[in-house]
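Notes follow the structure.
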Amino acid sequence: MSEAHLLQDIFTRRFHYVRLSITDKCNFRCQYCLPNGYECKSPQKSLSLSEINHLLAALVELGIQKIRLTGGEPLLRKDLVAIIKTIKQYPQINSIALTTNAYKLHHILDECIDAGLTHLNISVDSLDEDNFADITGSNKLKTILNTIDYALDSPLQQVKINTVLLKNTFAELGQFLSLIKKQPLDIRFIELMETGDNQPFFQENYLAAHILQDELLAQNWQAVIAPENSGPAKMFAHPEYNGKIGIIAPYSKDFCTNCNRLRFTHLGALRLCLFGDDSFSLRHLMQDATQKEDLKNAIINLLVNKPKQHLLSKNIHGDVINFSQIGG
């Protein structure tokens, strides 16, 4: 196996992308994730800047080219800008992305961009203030939309909106489409996924992704071929719109076929599948630069455990209680 493709599993899937959770804390209480608000699940502290740096040093030598910072809410890390600067030190990484609720992003967005941030995903689950507050527990929709406008005028390479597909958000489809008619803004609708914490909410609000797809096709949106290694979203474009629509449908057949990402939790555990039971703590190998080869070998050897696909269709969601634990 070549140096550039050291991270390959037994199903010949290659991994160039890591989602790194830097905290499990969150200042929202989204009904599908943290309906009761953040509760500390572990006395351990999140990975330090030094530990993150040691992890990055190993990952880039394994062919990783993209890092996405997730949470929890990554903006709650006071050293977020320093983390981005640390990632930027590695020229092998050509994409530094952030997924955030953007509640406080306007205060430090320029600093993040100067530090090296290239891509931004902002979670917006409704464009109606009352619905947004009901879903997230926050009344900051206007602030977040203003931040999106500001980000679109920034040097960022790409700005996207992430929207969990719910019955209520589907009812707002016209509003979401209006948002991207004149702006180069992609919206990705993510099919609601069941976890240990959200089962009643899931039963009441789940909407199958194919219903949205059928509606887009009925409105003359056309499926477009996504670039190689672009991820699981099925993209749609319309000649009268500047933005595109993406649909991420984890319950669809063959969703995992082209999986290209690995996940590290905020405690330094390698998680091979979002909805699996396997979580391998590697934090003890992130303490010193001399451990780099051991860390690389551990990651390579653990890939044999990556499953071919998740079992959501059988109502098996692994040990996921909520997404803030693992940086969904």
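The values are calculated or read from the model by the stated rules, or taken from the named source; none is laboratory data. Everything quoted here is computed from the prediction, not taken from an experiment. All Cβ positions, even for glycine, are placed from backbone atoms using ideal geometry, and neighbour counts span all protein chains on display.
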- Name every residue in region 107-136 that is more than 20 Å from Phe189 (Cα to Cα) and at pLDDT 95 or above, in order of residue number. Ile108, Leu109, Asp110, Glu111, Cys112, Ile113, Asp114, Ala115, Gly116, Leu117, Thr118
- Would you tally the residues in region 8-48 being under 17 Å from Ser281 (Cα atoms) and not hydroxyl-bearing (Ser, Thr, Tyr)? 10
- Hey, could you check region 53-82 for residues that are of a type in the set (D, E, K, R) and outside any loop (DSSP other than H, G, I, E, B) and say which is farthest from the chain's Cα centre (by Cα)? Glu61
- Task: Of the numbered conditions (1) over 26 Å from Ala97 (Cα atoms); (2) crowded, with 19+ Cβ neighbours inside 10 Å; (3) hydrophobic (A, V, I, L, M, F, W, C), Leu217 fails exactly one; give the number of that condition.
- Result: (2)
- Query: Mind checking which residues of region 90-110 are hydrophobic (A, V, I, L, M, F, W, C) and either surrounded by fewer than 19 Cβ atoms within 10 Å (Cβ to Cβ) or without any contact (Cβ under 8 Å) to a residue 12 or more places away in the chain (or both)?
  - Reply: Ile108
- Task: Could you please find all residues in region 174-186 being buried (at least 19 other Cβ atoms within 10 Å of the Cβ) and in contact with a helix residue (DSSP H, G or I) (Cβ under 7 Å, 6 or more places away or on another chain)?
- Result: Leu185
- Task: Quick one: in region 16-25, of everything that is part of a loop (DSSP other than H, G, I, E, B) and either crowded, with 23+ Cβ neighbours inside 10 Å or aliphatic (A, V, I, L, M) (or both), which residue is modelled with the highest pLDDT?
- Result: Ile22
- Query: For region 83-140, how many residues are part of a helix (DSSP H, G or I) and of a type outside the set (D, E, K, R)?
  - Reply: 16
- Which one is surrounded by the most Cβ atoms within 10 Å (Cβ to Cβ), of the residues in region 151-172 that are part of a helix (DSSP H, G or I) and in contact with a Leu (Cβ under 7 Å, 6 or more places away or on another chain)? Ala151
- Query: What residue, of Ser46, Ser50, is hydroxyl-bearing (Ser, Thr, Tyr), out of contact with any helix residue (DSSP H, G or I) (no Cβ under 7 Å at 6 or more places or on another chain) and assigned to a helix (DSSP H, G or I)?
  - Reply: Ser50
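So that you can scan it fast, the table gives a plain yes or no per residue for (1) more than 16 Å from Gly268 (Cβ to Cβ); (2) in contact with an Asp or Glu (Cβ under 9 Å, 6 or more places away or on another chain):
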| position | (1), (2) |
| --- | --- |
| Cys30 | yes, yes |
| Leu34 | yes, yes |
| Tyr38 | yes, yes |
| Pro43 | no, no |
| Leu47 | no, no |
| Gly71 | no, yes |
| Leu76 | yes, no |
| Leu98 | yes, no |
- Quick one: which residue in Val60, Val81 is touching a Cys at 6+ places or on another chain (Cβ under 8 Å) and either surrounded by fewer than 19 Cβ atoms within 10 Å (Cβ to Cβ) or among the charged types (D, E, K, R) (or both)? Val81
